[in-house]
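A.B. asks: Below you'll find the structure I mean.
The values are calculated or read from the model by the stated rules, or taken from the named source; none is laboratory data. From a predicted model like this one, the values you see are computed outputs, not experimental measurements. Backbone-built Cβ (ideal geometry, glycine too); neighbour counts: all protein chains shown.
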Amino acid sequence: MINLDGKVVLVTGGSRGIGSAAAKAIAAAGGSVVIHFAGNAMAAAKTAASMDAGKSHIVQGDLNVPGKAKTVWQKAFDWKGRIDAIVNNAGIFQAATVDGSDEDWDASWQSTLQVNLVACGDFCRCAVNAWREAGTGGIIVNVSSRAAHRGDGPDYWSYAASKGGMVALTKTIARAYASDGILAYGVAPGFVETDMAVEAFEKDPKLKDIVTGEIPMGDIAPPDDIAHTICFLASGLVPHATGTTIDVNGASYVR
């Protein structure tokens, strides 16, 4: 049984989708959760309202702003005076065509790398420094993507690159700080039934058939599949798996 009693976990992008499901799973396992959100305060409040009183704390921060991750970390840390684990889930998915304007291309790459990779690196740095100073150790769970291993569509170079970077970051932290009791894991989902996916399917009714057609299980993953994987890794039950990235994609990509 997964037990996170007494643990404080920061979940970035915790207001909706995978982040919200992960926050709820962590709270159900006994953990206290800091729910980070960028712009949807109502969704963050709804996620917090599903938990017992005193088990959640909400922190806002636009990770597209350089340096904002450090501010979010400090606000989260101040709630209980510590953070035992962090789930780097916040991310964006922006298209940029190779034959589009230079301005659109540059903006997409800068935003995607800033939110998906640079902010993740900043959070990991804050965590590693705090845990080494305290001598406590801690756990990092980085949510990347199937795209980190197999690539993505022709308009999503920056997304695949950012997620590949997260996998390399996870491995580097695991190798560098295992002796300090700092564990780093990755989770690489395929298509997940989030609000973003539903909106995409509504815009293009044929897209869902295309997506599910390449998944042997025949459907896209519910957010709870990813959340349960995150919760398991954050529990500390498998320390010797540090550096591992777990695929959750319905066998649509098997390494």
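A.B. asks: Can you name the condition, by its number, that residue 54 falls short on among (1) assigned to a loop (DSSP other than H, G, I, E, B); (2) in contact (Cβ under 8 Å) with a residue 40 or more places away in the chain?
C.D. replies: The one condition residue 54 does not meet is (2).
A.B. asks: Among the residues of region 13-25, are any farther than 27 Å from residue 135 by Cα and in contact with a Phe, Trp or Tyr (Cβ under 6 Å, 6 or more places away or on another chain)?
C.D. replies: Looking through region 13-25, at least one residue is farther than 27 Å from residue 135 by Cα and in contact with a Phe, Trp or Tyr (Cβ under 6 Å, 6 or more places away or on another chain).
A.B. asks: Output the qualifying pairs, or none if there are none: Cβ atoms under 7 angstrom, residues six or more apart or on different chains, first residue in region 118-146 and touching a residue at least 40 places away in the same chain (Cβ under 8 Å) and small (Gly, Ala, Ser), second residue surrounded by fewer than 17 Cβ atoms within 10 Å (Cβ to Cβ) and assigned to a helix (DSSP H, G or I).
C.D. replies: From residues that are touching a residue at least 40 places away in the same chain (Cβ under 8 Å) and small (Gly, Ala, Ser), the pairs are 137/180.
A.B. asks: Do we have residue 90 as surrounded by 21 or more Cβ atoms within 10 Å (Cβ to Cβ), in contact with a His (Cβ under 9 Å, 6 or more places away or on another chain) and closer than 25 Å to residue 147 by Cβ here?
C.D. replies: When the stated conditions are applied, residue 90 passes them.
A.B. asks: Considering every residue within region 54-72, establish whether at least one is touching a strand residue (DSSP E or B) at 6+ places or on another chain (Cβ under 7 Å) and small (Gly, Ala, Ser).
C.D. replies: yes
A.B. asks: I'd like to check something: does region 30-48 contain any residue that is closer than 15 Å to residue 143 by Cα, buried (at least 21 other Cβ atoms within 10 Å of the Cβ) and of a type outside the set (Phe, Trp, Tyr)?
C.D. replies: Checked region 30-48: at least one residue is closer than 15 Å to residue 143 by Cα, buried (at least 21 other Cβ atoms within 10 Å of the Cβ) and of a type outside the set (Phe, Trp, Tyr).
A.B. asks: Give me the pairs: first residue in region 232-255 and outside any loop (DSSP other than H, G, I, E, B), second residue of a type in the set (D, E, K, R), beta-carbon distance under 8 Å, and six or more apart or on different chains, which are they?
C.D. replies: Final answer for the pair search is 234/7; 247/146; 247/255; 248/225.
Residue by residue, here is whether (1) in contact with a helix residue (DSSP H, G or I) (Cβ under 7 Å, 6 or more places away or on another chain); (2) in contact (Cβ under 8 Å) with a residue 60 or more places away in the chain holds:
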residue	(1), (2)
3	no, yes
10	yes, yes
38	no, no
44	no, no
47	yes, no
67	no, no
71	no, no
74	no, no
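A.B. asks: Further question on the same structure: Tell me whether region 64-81 contains one or more residues that are surrounded by fewer than 21 Cβ atoms within 10 Å (Cβ to Cβ), modelled with pLDDT under 95 and not aromatic (Phe, Trp, Tyr).
C.D. replies: Scanning region 64-81, I find no residue that is surrounded by fewer than 21 Cβ atoms within 10 Å (Cβ to Cβ), modelled with pLDDT under 95 and not aromatic (Phe, Trp, Tyr), so the answer is no.
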